[in-house]
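Notes follow the structure.
Laboratory data are not the source of any read-out in this text; all were calculated from the coordinates shown. All values reported here derive from a predicted model rather than from experimental measurement. Positions of Cβ are generated from backbone atoms using ideal geometry, with glycine treated the same way; all protein chains shown enter the neighbour counts.
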Amino acid sequence: MTKPKIAIVNSSSQLAICFSHLDEIARRARRAVELAGGVAFEVRTAAPSDFITSAGHRGGYILSARDLITNDIEVAVEGALLDGMLCLASCDKTAPGQLMAAARLNIPSVIVACGYQPSGTYRGRPCDIEDVFLAAGHVANGRLTLDELTEMSEHAVLGPGVCAGMGTANTMHLACEALGMALPGTTPVRANSEPMWRTVEQAARRVVEMTGEELRPRDILTTGAFANAVTTVLSVSGPINSVKHLQAVASWPWPTTAGSTSPARPWCSTRRPRRLNGSAPGRSRAARWWCSEARGRPDHPVWAWRRSSSSPSTARA
């Protein structure tokens with residue numbers, strides 16, 4: 001009864017390849033929490049995938065599912081009065097939904113990026129799901145045949161994980177690290193790679209430690225932390241979706257004070273931001289790289305992935 005009780009927040013689903021590997025991650029995370037001296041309980045949430053969930057109700061389910069994830073977590077974790085959370089982030093809406101839940105519940109929490117999918121080559125060129133998106137437009141205007149698009153798609157996705165390009169999922173994983181809610185140096189990462197498995201074990205140990213330190217999300221999610229996240233998103237040319245997700249995390253309603261109908265204060269405090277390891281983050285590595293070297297230099301190696309049409313994420317495989 002005295003051991004910290006940790007929720008393993010799992011949005012696993014067989015409907016989409018984004019989530020198909022999360023059950024094994026949850027199993028290993030649970031074991032790592034127990035080895036670190038905690039007691040782990042797996043908690044399930046909705047698992048929205050933009051590929052799949054956008055098909056119904058004219059796409060109306062996909063963004064609202066982000067808030068559903070937050071509510072799912074609150075019901076299970078707060079209802080059981082658990083002490084901390086290890087959140088397995090995958091497709092676009094999972095990371096922001098988990099961040100919103102962490103800020104709302106304010107219990108020690110760590111976000112684990114569960115990785116991008118491995119990609120292959122098509123006719124001698126790197127090919128991932130982002131190239132398939134682009135090629136679909138070429139089919140519409142007659143520059144590519146449907147058979148060629150089908151062949152390309154068969155080589156673009158070679159395993160589980162989120163889309164390999166710098167879309168919403170990978171960008172929000174980066175934002176979690178920049179905010180201080182994911183361990184430093186853990187995003188982005190290829191799904192089921194050794195770096196990902198090491199991160200799972202490290203994060204499980206860290207969240208158990210944080211329950212003893214009482215290091216909570218509202219100590220981490222400061223104004224400086226959000227500025228850090230915005231700088232990081234800009235430095236990698238992240239999608240506009242990241243803006244609405246960061247806004248939602250920053251403005252999610254706080255509990256009201258006694259006798260008042262207004263929130264006690266906004267999410268973002270003015271305290272200096274802290275990382276999960278207790279240090280002050282300052283600028284993220286990506287932000288420092290951008291500001292010192294790459295900005296205004298289109299020939300810089302940071303842009304090589306754009307020129308070669310290869311995924312930027314492969315450098316961290």
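What is the mean projected area of the alpha carbon convex hull for region 92-168, to one decimal in square nanometres?
Over every viewing direction, the Cα hull of region 92-168 projects on average to 6.2 nm².
Rounded to the nearest 20 debye, the dipole size of region 119-158 about its Cα centre is 140 debye, using +1 on the Cβ of Lys and Arg and -1 on the Cβ of Asp and Glu.
Here residue 158 and residue 251 are evaluated by their C-beta separation; at R0 = 41 Å the FRET efficiency comes out at 0.60. Taking amide H as placed 1.01 Å from N in the peptide plane, residue 109 has its amide H under 5 Å from the amide H of 85, each at least 5 places away in sequence or on another chain. For residue 223 and residue 106, the FRET efficiency from 1/(1 + (r/R0)^6), where r spans their Cβ atoms and R0 equals 25 Å, is about 0.90. Each of residue 123 and residue 1 was given a label point 7 Å from its Cα along the Cα-to-Cβ line. The distance between the two points is 6.9 nm. Shape class for region 53-129, computed from the alpha carbon gyration tensor (a ≥ b ≥ c): oblate, with a/c not under 1.5 and a/b at or below b/c.
Residues whose amide H lies under 5 Å from that of residue 16, counting only those 5 or more places away or on a different chain, are absent; hydrogens are built 1.01 Å from N in the peptide plane.
Could you grab the relative contact order for region 119-158? Cα pairs under 8 Å, six or more apart, rounded to a whole percent. RCO, region 119-158: 55 percent. Residues whose amide H comes within less than 5 Å of that of residue 127, counting only those at least five positions distant or on another chain, are 120, 121, 122 (H built at 1.01 Å from N in the peptide plane). Each peptide among 52-58, 95-101, 171-177 gets the average number of other Cβ atoms lying within 10 Å of its residues, and from highest to lowest they stand as 95-101, 171-177, 52-58.
With a/c under 1.5 counting as rounded, go ahead and sort region 84-235 into rounded, prolate or oblate using the C-alpha gyration tensor (a ≥ b ≥ c being the square roots of the eigenvalues; past the cut-off, prolate if a/b is larger than b/c, else oblate).
Prolate, since a/c reaches 1.5 and a/b exceeds b/c.
Coupling constants for region 105-117 follow from the phi torsions by the Karplus curve (6.51 cos²θ - 1.76 cosθ + 1.60, θ = phi - 60°), and in residue order they are 7, 6, 10, x, 9, 10, 8, 10, 6, 8, x, 9, 6 Hz; glycine and proline get x.
The label point for residue 57 and the one for residue 74, both projected 7 Å from the Cα toward the Cβ, are 1.8 nm apart. Residue separation of residue 27 and residue 136 scaled by 0.36 nm, minus their Cα-Cα distance, works out to 35.5 nm of gained length.
Spatially, region 217-253 and region 44-65 are offset by 22 Å when compared through their Cα centroids. Look at the Cα gyration tensor of region 119-158: its axes a ≥ b ≥ c give a/c of at least 1.5 with a/b over b/c, and that counts as prolate.
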